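Before any comments, here is the structure.
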Amino acid sequence: MAAVGEKQQGWARRLAGYAWRYKANTLLALGSSLAGMAVLALVPLVTKVIIDDVIGTKTRDLAVWTGLLVGAAILVYALTYVRRYYGGRLALDVQHDLRTDMYATITRLDGRRQDELSTGQVIGRATSDLQLIQGLLFMLPMTIGNVLLFLISLGVMAWLSLPLTLVALAVAPALWVIAKRSRTRLHPATWHAQQQAAVVAGFVDGAVSGVRVVKGFGQEDQETGKIREAGRKLFAGRLRTVRLNARYTPALQAVPALGQVAVLALGGWLAYRGQITLGTFVAFSAYLASLVGPVRMLAMVLTVAQQARAGVERVLDLVDTEPLVTDGPKELPADAPATVEFDDVSFAYATAEGRTSPVLDGFSLEIGAGETVAVVGASGSGKSTLSLLLPRFYDVDHGAVLVGGHDVRELTLDSLRAAIGLVPEDSFLFSDTVRANIAYGLP
């Protein structure tokens, strides 16, 4: 039930759960961002005091207020360093955990589930998708700080001049419409592009792994054509996301600039008529400029978030995959007899269109302790399938497989596979020493 509950959570909440595993990094990144933006929000007020009171009425000391500006700059630098370091570290930690969870899921999947996986899809999710997630997480602390800066700036602007603030906010509905259209179009486009990237990775993996077969049959042009066609589809998918970015991101950044022009024109007119002080106008202009920055940052994050959302959903889709073969309730006894029995076994492999015709149909075989048995048959007759059913890489569709008199479905996978010595028909070497490969079963 817990696993089902996790799947029902939104992608953002799931991602936040990964980030919260590193509470110290999260709090330091967010805290330094919020503190830095709060300090920046006070700088225009200091500028107002310098213009109106230090230069204008000469009622305050210039050295004190100038010192405050220098101190604020030093403090913002220190806080920005903390935000960038711990924010980047948090993004890498979450990326590492997601990659590790993906690998853990793949290793515990049974044969049927692994048959559903494409090598290219797995590689794509472990590389480009996780890169998108890392980019989003790196930007989030600054984004949250910009939200605070936006709210503080808005409040101070309303205190300085309510009419100017209302003019500045007049562009908000246009921003909302553009952001909504961007969200509904960019996410599916990014998902499709990431799928195509995984297809390309699959073709490359197959061509590299089977390079000797390709060369032996002289099919280099055929494989190149496959990759070229897949690359063309990937190009089209990426170009679609670029086109959408080019359409919506400039619009999200240009609309606030229109409001800024209107505010500067009205504010200059009010200052010229003496209805607001020059210091108030300069401070309001500074706050307006600081308001445009967060809005543009949010526009960028909206774009990145839709791309990262596709990556998060693709990664979590793999992480949440459950094996069809589960552990049995009991251990294989150490004194169990070394016997093997296939009792009226039927089995068929699954395909995307459904089950194939049975590879085994009503197969029965008993092997007693100490016996040596060779199973001989034509290619595709099910010899290899027998070796896969014994350690429960697959479960039978009908009948039973017994080891030591116990149905393998009732045994834990660890105890069952510890009692079986397996030599696969396809040799495989890990990228390690010869010694490590030979001793792989008992390192």
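Worth pointing out:
- Residue among ALA174, ALA158 that alone is over 30 Å from GLY17 (Cβ atoms) and free of Cβ contacts under 8 Å to residues at least 12 places away in the same chain: ALA158
- Verdict on GLU322 being surrounded by 15 or more Cβ atoms within 10 Å (Cβ to Cβ) and at pLDDT 80 or above: no
- Note on the range 15-36: residues that are outside any loop (DSSP other than H, G, I, E, B) and either out of contact with any Pro (no Cβ under 8 Å at 6 or more places or on another chain) or not assigned by TED's automatic domain parsing to the domain that holds LEU92 (or both) amount to 15.
- The sole residue among GLN194, GLN260, GLN222 that is under 24 Å from LEU136 (Cβ atoms), in the same structural domain as ALA41 (by TED's automatic domain parsing) and not hydrophobic (A, V, I, L, M, F, W, C) is GLN194.
- Members of the range 234-275 found to be charged (D, E, K, R), part of a helix (DSSP H, G or I) and surrounded by fewer than 17 Cβ atoms within 10 Å (Cβ to Cβ), listed by number: ARG243, ARG247
- So THR66, is it assigned by TED's automatic domain parsing to the domain that holds LEU27, part of a loop (DSSP other than H, G, I, E, B) and either farther than 30 Å from ALA19 by Cβ or touching a residue at least 40 places away in the same chain (Cβ under 8 Å) (or both): no
- In the range 346-392, of all residues being assigned to a strand (DSSP E or B) and under 39 Å from the mean Cα position of the chain (by Cα), the one that is modelled with the highest pLDDT corresponds to PHE347.
- Sub-7 Å Cβ pairs linking a first residue in the range 381-399 that is closer than 20 Å to ASP327 by Cβ to a second residue that is acidic (Asp, Glu) and modelled with pLDDT of 90 or more, at least 6 apart or interchain, number zero.
- Single residue of VAL208, VAL156, VAL147, VAL171 found to be surrounded by 13 or more Cβ atoms within 10 Å (Cβ to Cβ), of a type in the set (Val, Ile, Thr) and at pLDDT below 75: VAL171
The values are calculated or read from the model by the stated rules, or taken from the named source; none is laboratory data. It should be emphasised that the depicted structure is a prediction, and the values quoted were computed from it without experimental measurement. For neighbour counting, all protein chains shown are included, and Cβ atoms are generated from backbone atoms with ideal geometry for every residue, glycine included.
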